[in-house]
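The next block holds one structure in the form of structure tokens; read it before the comments.
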Amino acid sequence: MSLSRLSSRSNLIPRPLSAAISRLISTDTTPITIETSLPFTAHLCDPPSRSVESSTQELLTFFRTMALMRRMEIAADSLYKAKLIRGFCHLYDGQEAVAIGMEAAITRKDAIITAYRDHCIFLGRGGSLYEVFAELMGRRDGCSRGKGGSMHFYKKDASFYGGHGIVGAQVPLGCGIAFAQKYDKEEAVTFAMYGDGAANQGQLFEALNISALWDLPSILVCENNHYGMGTAEWRAAKSPSYYKRGDYVPGLKVDGMDAFAVKQACKFAKEHALKNGPIILEMDTYRYHGHSMSDPGSTYRTRDEISGVRQERDPIERIKKLVLSHDIATEKELKDMEKEIRKEVDDAIAKAKDCPMPEPSELFTNVYVKGFGTESFGPDRKEVKAALP
Amino acid sequence: MSAIIHGAGAATALTTFNSKKLVAPCRTNLPARSKRCIVVAGSDDASKSFGSSSVLSVRRPQKLIANAVATKTDTSATTGHELLLFEALQEGLEEEMDRDPHVCVMGEDVGHYGGSYKVTKGLADKFGDLRVLDTPICENAFTGMGIGAAMTGLRPVIEGMNMGFLLLAFNQISNNCGMLHYTSGGQFTIPVVIRGPGGVGRQLGAEHSQRLESYFQSIPGIQMVACSTPYNAKGLMKAAIRSENPVILFEHVLLYNLKEKIPDDDYICNLEEAEMVRPGEHITILTYSRMRYHVMQAAKTLVNKGYDPEVIDIRSLKPFDLYTIGNSVKKTHRVLIVEECMRTGGIGASLTAAINENFHDYLDAPVMCLSSQDVPTPYAGTLEEWTVVQPAQIVTAVEQLCQ
């Protein structure tokens, strides 16, 4: 069976999760029920059940997309060390389950906004590998035309609002998007993601207060990877129960390394937010890399801890075990899939490397919506004032 | 010679303006207003504009008030209605909210209370709580929310109860508001209007008398305008709401009760354009917001002394309307900037640099800039008077420059 059909060479865009790559086995969409690894812990609400409805197709899609995300992040790591990616590069490997599970539970009309660890979420929202690598390397065909960089990935048509560098500033933006969704009566929700470090920002609580007051469909998702750059959770927060921090706002604590738990929680949260207003989800997850590429990640935690989590809680391993135990694919097929993914990523990188840098005139585009602003009102109206020396 | 070049410049400029949609439709009123409004002792001024299509109006206070703002007497526009500046802002806001259902207002006490300066009075009753939103006191969050909503297509008007409070939202304004259009490669536009009163009031204390123009002026991606009359307040408010770029509209606490007759019809003022307040020959005085009135007061004295100052209200603080300013400099060869901003790094400082850079050859004297003192605004009345520029200082400066 030609697994090569799984990844078409002509387009490197990973297919949306709902339309998975077709798999040549007899039962594509057999429903499967999977138990989450841990029960949910709830604050001011009834936790959803541990049994998650899924299908063979979805399992395989989870595996494939997570493997793609993992591979993409590892490739970004090598590119950074080769000095093709500069500046800040925050990698998401280890946390893929959060991106995948969330995507599985929502539609493209629901908005997601996150901080700077956004490569995989962009991919999950329908971005292509080529756009990711081109943007990381600052090329013209990047998703933000090379002008944003690692921390500024956006995809408007998929309701992905980025990509923000300042810690915590995206949460009021997310509540604003939720406000607009309520204003336009869209029946959609906004997932405003932040980390355990950002959970101590005041603007979060301000935004939460307004969301609760105005009943906005905003879902605050705390991706708790237990380290705010170099500061461990217990050294930064008096109360580590981020899901309870909303006080009057209900919260749910979820095992963030289990894609199905994340999916169930997001589904639950969406239903809740549309009816009752904001809810906080705390995803208990972990990042293998350091905070960013300039952080080795081992000065504030032990290598044993990292390898321990990798052995026991790795999200891709969990899905792999499920796939194998449900006989959806064999070990060899999964290995072949991973090989293909590696090739796909390598192809995307090669193509992105060939992409040219942005034109110098791009420096002055998109500052204002039209023109550079000072052009038409320079000393001579006909003269273009915005020019490189 | 310079006048002839001017005329040609004016003609071409007017035609280019015609193509821009932001020209006030009431320009037909213009000749009538200006003919009767210009009060120039002994000089016959028939020329109207230097490429500026905004209203030429001149204050004619009945008595000289030392540091208050003189109210304008009834101008001779035939149609129109008279109202105060805050009512003009409210009218502009209401008309835009009627016109476009995506426009909403958010701020502290803008809804049920009617706004601390009554700019949003009555709007909550008319449009409901979802469009006129009373926020809790969290500038950082509600400015961020306004910007987030703008990313999806809403057009919020965010009010800071006092401009100084927006310092708490500086991160949102600088990073998200100004830069998102650029860093997203053009995907998102942020059509917000951030407005609020600033400037030195009547003994309000240091923290409530701030002038934030200087802090915001280097943020790329935003536009800044300052209104000074009911006419341009309404026009700028409407233009700002319709603009796709984020606009910060600076109002002044002491100007809210200015009365003027404004046209009945729908008009907007060009956001990037300066307003010619009083054409002249001897010296160009650039000013904005409240200082316009101090300048006009000084202008009366100057005219009596035989000077002919040209007063331009620059209105657009970012970007500067270097075209109008340049034409004026080319005519008069002397520039005085009068502003309420701080001396260090203020709007005047940037304007001085821009003028020196672009029009150095036309200057007969160095550009002089009168700004507020670099001190926190004291409470005591007499001290407060001396932190801002007084008309007497303006007169002295003009005399010094023109000798």
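The values are calculated or read from the model by the stated rules, or taken from the named source; none is laboratory data. This is a predicted model, so every value here is computed, not measured. As a convention, Cβ positions derive from the backbone with ideal geometry for all residues, glycine included, and neighbour counts pool all protein chains shown. Heavy atoms of the whole protein, side chains included, go into the accessibility calculation; ligands, DNA and RNA do not. Shrake-Rupley method; radii C 1.70, N 1.55, O 1.52, S 1.80 Å.
Among the helices (runs of 4 or more DSSP H) confined wholly to segment B:223-335, which include 1 or more residues that are within 13 Å of chain A (Cβ to nearest Cβ) and either within 24 Å of B:H208 (Cβ to Cβ) or in contact with a His (Cβ under 9 Å, 6 or more places away or on another chain) (or both)?
B:322-332
Where in segment A:288-377 are the helices (runs of 4 or more DSSP H), entirely inside, with at least 1 residues that are in contact with a helix residue (DSSP H, G or I) (Cβ under 6 Å, 6 or more places away or on another chain)? Please lay out each step first, then the result.
Numbers: elements: A:303-313, A:315-325, A:331-354.
Counting at least 1 such residues, we get A:315-325, A:331-354.
Quick check: anything in segment A:287-309 surrounded by fewer than 15 Cβ atoms within 10 Å (Cβ to Cβ) and under 30 Å from A:Y130 (Cβ atoms)?
yes
If I filter segment A:175-188 for residues that are in contact with a Cys (Cβ under 9 Å, 6 or more places away or on another chain), open to solvent by 20 Å² or more (accessible area, probe 1.4 Å), more than 23 Å from B:C138 (Cβ to Cβ) and more than 9 Å from chain B (Cβ to nearest Cβ), do I get at least one hit?
No, segment A:175-188 contains no residue that is in contact with a Cys (Cβ under 9 Å, 6 or more places away or on another chain), open to solvent by 20 Å² or more (accessible area, probe 1.4 Å), more than 23 Å from B:C138 (Cβ to Cβ) and more than 9 Å from chain B (Cβ to nearest Cβ).
Free of Cβ contacts under 8 Å to residues at least 40 places away in the same chain and over 29 Å from B:S218 (Cα atoms): is that true of B:T79 in this structure? I'd like the intermediate steps shown before the answer.
Details: free of Cβ contacts under 8 Å to residues at least 40 places away in the same chain: no; over 29 Å from B:S218 (Cα atoms): yes.
No, not satisfied.
Matching residues to (1) farther than 17 Å from A:E58 by Cα; (2) within 8 Å of the chain's Cα centre (by Cα):
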residue: A:A99; (1), (2): no, yes
residue: A:T107; (1), (2): no, no
residue: A:A111; (1), (2): yes, no
residue: A:A115; (1), (2): yes, no
residue: A:V132; (1), (2): yes, no
residue: A:E135; (1), (2): yes, no
residue: A:G138; (1), (2): yes, no
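Do we have A:S150 as on the phi < 0 side of the Ramachandran plot and more than 9 Å from chain B (Cβ to nearest Cβ) here? Spell out the reasoning first.
On the way: on the phi < 0 side of the Ramachandran plot: yes; more than 9 Å from chain B (Cβ to nearest Cβ): yes.
In short, yes.
Sort out which residues of segment A:198-218 are open to solvent by less than 40 Å² (accessible area, probe 1.4 Å) and among the small types (G, A, S), and write them in order of number.
Scanning segment A:198-218 gives A:A198, A:A199, A:A207, A:S211, A:A212, A:S218.
Out of B:S214, B:S218, B:S184, which single residue is surrounded by fewer than 23 Cβ atoms within 10 Å (Cβ to Cβ) and within 14 Å of chain A (Cβ to nearest Cβ)?
That would be B:S218, the only listed residue that is surrounded by fewer than 23 Cβ atoms within 10 Å (Cβ to Cβ) and within 14 Å of chain A (Cβ to nearest Cβ).
Kindly indicate whether A:R145 is basic (K, R), open to solvent by 10 Å² or more (accessible area, probe 1.4 Å) and more than 9 Å from chain B (Cβ to nearest Cβ).
no
In the set B:Y256, B:Y307, which member is surrounded by fewer than 23 Cβ atoms within 10 Å (Cβ to Cβ) and within 16 Å of the chain's Cα centre (by Cα)?
The conditions single out B:Y256.
Which one of these is surrounded by 24 or more Cβ atoms within 10 Å (Cβ to Cβ), at the interface with another protein chain (Cβ under 8 Å from one of its Cβ atoms) and touching an Asp or Glu at 6+ places or on another chain (Cβ under 9 Å): B:G144, B:G153, B:G148?
Among B:G144, B:G153, B:G148, only B:G144 is surrounded by 24 or more Cβ atoms within 10 Å (Cβ to Cβ), at the interface with another protein chain (Cβ under 8 Å from one of its Cβ atoms) and touching an Asp or Glu at 6+ places or on another chain (Cβ under 9 Å).
Is it the case that some residue within segment A:354-374 is in contact with an Asp or Glu (Cβ under 8 Å, 6 or more places away or on another chain), of a type in the set (S, T, N, Q) and modelled with pLDDT under 85?
no
Would you be able to tell me the number of residues in segment A:62-82 that are within 16 Å of the chain's Cα centre (by Cα) and surrounded by fewer than 24 Cβ atoms within 10 Å (Cβ to Cβ)?
Final tally of qualifying residues: 4.
Do we find a residue being surrounded by 24 or more Cβ atoms within 10 Å (Cβ to Cβ), under 17 Å from the mean Cα position of the chain (by Cα) and within 18 Å of A:L173 (Cα to Cα) anywhere in segment A:223-246?
yes
I'm trying to understand the selection: among the residues of segment A:25-78, which are in contact with a Pro (Cβ under 8 Å, 6 or more places away or on another chain) and in a loop (DSSP other than H, G, I, E, B)?
Once the filter is applied, which keeps residues that are in contact with a Pro (Cβ under 8 Å, 6 or more places away or on another chain) and in a loop (DSSP other than H, G, I, E, B), segment A:25-78 yields A:P39, A:F40, A:L44, A:C45, A:P47, A:R50.
Scan (1) out of contact with any helix residue (DSSP H, G or I) (no Cβ under 9 Å at 6 or more places or on another chain); (2) farther than 25 Å from A:A236 by Cα for the single condition A:G195 breaks and write down its number.
Of everything listed in (1) out of contact with any helix residue (DSSP H, G or I) (no Cβ under 9 Å at 6 or more places or on another chain); (2) farther than 25 Å from A:A236 by Cα, A:G195 misses just condition (2).
Criterion first (on the phi > 0 side of the Ramachandran plot and surrounded by fewer than 23 Cβ atoms within 10 Å (Cβ to Cβ)) does B:G128 satisfy it?
Answer is yes for this residue.
Quick one: would you say B:Q172 is facing chain A (nearest Cβ under 7 Å), open to solvent by 10 Å² or more (accessible area, probe 1.4 Å), more than 30 Å from B:Y379 (Cβ to Cβ) and touching a helix residue (DSSP H, G or I) at 6+ places or on another chain (Cβ under 7 Å)?
no
Going through segment A:296-307 one residue at a time, which ones are under 13 Å from A:H226 (Cβ atoms) and small (G, A, S)?
Passing the criteria: only A:G297.
Mind checking which residues of segment B:359-383 are open to solvent by 50 Å² or more (accessible area, probe 1.4 Å) and in a helix (DSSP H, G or I)?
Answer for segment B:359-383, where residues must be open to solvent by 50 Å² or more (accessible area, probe 1.4 Å) and in a helix (DSSP H, G or I): B:H360, B:D361, B:Y362, B:T382, B:L383.
With respect to B:V119, is the statement that it is more than 9 Å from chain A (Cβ to nearest Cβ), in contact with a strand residue (DSSP E or B) (Cβ under 8 Å, 6 or more places away or on another chain) and not in a strand (DSSP E or B) true? Even if it seems obvious, please write down each step before you answer.
Working: more than 9 Å from chain A (Cβ to nearest Cβ): yes; in contact with a strand residue (DSSP E or B) (Cβ under 8 Å, 6 or more places away or on another chain): yes; not in a strand (DSSP E or B): yes.
Answer is yes for this residue.
Which of the numbered conditions does A:G127 fail, given that it passes all the others? Conditions: (1) within 30 Å of A:D184 (Cβ to Cβ); (2) surrounded by fewer than 21 Cβ atoms within 10 Å (Cβ to Cβ).
The one condition A:G127 does not meet is (2).
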